[in-house]
Amino acid sequence: MAKIGFIGAGNMAEAIIKGIIDAKVYKSKDILISDVRPKQVKSVCKKYKVKSADNCKLAKMVGILVLSIKPQNMRDVLNEIKDAVGKNLLIVSIAAGITTKRIQKILDSVAVVRVMPNTPALIGQGAAAIYATKKAKSKLGQVVRIFSAVGLAVMVDNEKLIDAVTAVSGSGPAYFFLLMEEMIKAAQKLGLKKELAEKLVLQTAKGAGLLAVEALKNGQTPDILRKNVTSPGGTTEAAMKVFSKRNFEKTVQEALTAAAKRSKELSGN
């Protein structure tokens, strides 16, 4: 199997590296990394028994190159490696807002796959949407294997849909964290100690998520689960009436629309 390389060895790259090793998609000896932070390179190499190389050497040595760098550094990195990129190299970019066309413009129409992952990949529970250019489609199976090693991997057939994915799952964890944060605060105002409030809220969030996933297998969507737990005249209904009065549905729609719009602005679509 061809080697895989990562330019940028931050949290997301490390999560993917751990996932592909644990899932036996790649062996440690077939993984190379680079990063501008020597301490991070040393730490990741030691932890996962992978090797390091400079950007250009890395690009020449691998079959798949994952660009896990900050969007603002993309142009400099692409210009640095453009003479080292071979015709059979597959570029996988997880940099937010960077379109495949922007990468191909510098790397001369190289095969590119664009992926929008999210932070739960750090614990193997991520959600990643994948878009492949025409030239990259023949190598798509391996990319799906890579991201399936850290959670759910799905395909989109139009790159513009990545903006919607960014709003839904890319930024999505923050929405749930905000709800948890506010529930913990509210619980404390109701008299619960912080530690107990945190335990109850986080376990409730975890349980609700797992239940929703399992229930969907039997055709029970989240709205059905919500209705099942909302008894007429009960406590849940009292809370739901407040959410409805405050236009919760509209707030969520406007928030996701704003996120999608910003993603579109950043990618130049």
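The values are calculated or read from the model by the stated rules, or taken from the named source; none is laboratory data. A quick note: this is a predicted structure, and the numbers were derived from the prediction, not measured. No Cβ is skipped: glycine too gets one built from the backbone with ideal geometry, and neighbour counts run over all protein chains shown.
At a glance:
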item: Boolean, Asp108 is of a type in the set (D, E, K, R) and touching a residue at least 24 places away in the same chain (Cβ under 8 Å); result: yes
item: Leading residue by the ranking (modelled with the lowest pLDDT) among those in the stretch 139-167 that are polar (S, T, N, Q), more than 15 Å from Ala96 (Cβ to Cβ) and in a helix (DSSP H, G or I); result: Gln142
item: The listed residue being within 21 Å of the chain's Cα centre (by Cα) and either at pLDDT 95 or above or of a type in the set (Asp, Glu) (or both), out of Lys206, Lys227; result: Lys206
item: Meets criteria (in contact (Cβ under 8 Å) with a residue 12 or more places away in the chain, crowded, with 19+ Cβ neighbours inside 10 Å and either more than 23 Å from Gly151 (Cβ to Cβ) or not assigned by TED's automatic domain parsing to the domain that holds Val150 (or both)) for Leu78; result: yes
item: Candidates Val113, Val154, Val92, Val143 - the one that is out of contact with any Gly (no Cβ under 9 Å at 6 or more places or on another chain) and under 27 Å from Ala205 (Cα atoms); result: Val154
item: Leading residue by the ranking (nearest to the chain's Cα centre (by Cα)) among those in the stretch 52-93 that are in a loop (DSSP other than H, G, I, E, B) and within 15 Å of Thr133 (Cβ to Cβ); result: Leu89
item: Of residues in the stretch 146-159 being touching a helix residue (DSSP H, G or I) at 6+ places or on another chain (Cβ under 8 Å) and under 21 Å from Val110 (Cβ atoms), the one surrounded by the fewest Cβ atoms within 10 Å (Cβ to Cβ); result: Met155
item: Failed condition for Asn218, given (1) touching a Phe, Trp or Tyr at 6+ places or on another chain (Cβ under 8 Å); (2) not in a helix (DSSP H, G or I); (3) not hydroxyl-bearing (Ser, Thr, Tyr); result: (1)
item: Cβ pairs under 7 Å, 6+ apart, first in the stretch 204-216 and under 13 Å from Phe176 (Cα atoms), second surrounded by 10 or more Cβ atoms within 10 Å (Cβ to Cβ) and modelled with pLDDT of 95 or more; result: Ala205/Phe176; Ala205/Met180
item: Residue list for the stretch 222-235, filter: surrounded by 11 or more Cβ atoms within 10 Å (Cβ to Cβ) and either part of a loop (DSSP other than H, G, I, E, B) or small (Gly, Ala, Ser) (or both); result: Thr230, Gly234
item: Qualifying residue in the stretch 248-257 (condition: more than 30 Å from Ala95 (Cβ to Cβ), outside the structural domain of Pro71 (by TED's automatic domain parsing) and either surrounded by 11 or more Cβ atoms within 10 Å (Cβ to Cβ) or touching a Pro at 6+ places or on another chain (Cβ under 6 Å) (or both)); result: yes
item: Answer from Ala238, Ala205 - the residue that is part of a helix (DSSP H, G or I), surrounded by 11 or more Cβ atoms within 10 Å (Cβ to Cβ) and not basic (Lys, Arg); result: Ala205
item: Residue selected from the stretch 104-126 under the condition hydrophobic (A, V, I, L, M, F, W, C) and surrounded by fewer than 22 Cβ atoms within 10 Å (Cβ to Cβ), by the criterion nearest to the chain's Cα centre (by Cα); result: Leu122
